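Below: one structure, written as structure tokens.
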Amino acid sequence: MSLLSNYFKSLEGLDDILVYFDSTYVNGTYKSTIKEYSTTRFLRHLPIFLPHTWNVYNATKEGYGRTNNVSEGFNNKLKNIMCNASATTAFIVLIKICRRPKSYV
């Protein structure tokens, strides 16, 4: 992250994006707590999305696919179903689809 931060230092407003990416996807956040004798301790909270869930480096090295085609196929199927329904019934259709067993999706 420091490499990215140094590389994009000159671009206005990019710091906020890098901080968000770092705390959400890479290192997580830190929370300070005050202990006895007024000492401050920092506790690390894991990122929301751990790197092993989104990083494709190892998959690429091992010859696996780097895309999420299964997810894209599901999203496409869902979009086609939703486009054929009115806005009112679209939500009901979505709930019914989500409640189906995995074998139907």
Magnitude of the charge dipole, region 1-99, Cβ model with Lys/Arg +1 and Asp/Glu -1, debye to 20: 420
Cross-link reach list, lysines versus residue 96, counting only Cα pairs under 18 Å and skipping chain neighbours closer than eight places: 77, 79
Helix runs (DSSP H) in the chain reaching 15 Å along axis by Cα, Kyte-Doolittle at least 0.0: 87-99
Charge dipole (region 1-99, unit charges on Cβ, about Cα centre) - positive-most of 4, 25, 69: 69
Mean residue ellipticity (222 nm) of the chain, computed from DSSP H runs ≥ 4 via -39,500 (n - 2.57), nearest 500: -13500 deg cm²/dmol
From the coordinates shown, Cα Rg over 2.2 N^0.38 Å corresponds to which of (1) 1.13; (2) 1.65; (3) 1.90: (2)
Full-extension gain in nm, residue 42 to residue 3, via 0.36 nm per residue minus C-alpha separation: 11.7 nm
Extension gain from residue 99 to residue 83, taking 0.36 nm per residue of separation minus the Cα-Cα distance: 3.8 nm
Probe 1.4 Å, accessible area per residue of the chain, Å²: 89
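The values are calculated or read from the model by the stated rules, or taken from the named source; none is laboratory data. As the structure is a prediction and not an experimental result, all values here were calculated from the model. Methodologically, a virtual Cβ is constructed for each residue, glycine included, from the backbone with ideal geometry; neighbour enumeration extends over all protein chains shown. We work out accessible area using only protein heavy atoms, side chains counted, and drop any ligands, DNA or RNA first. Shrake-Rupley method; radii C 1.70, N 1.55, O 1.52, S 1.80 Å.
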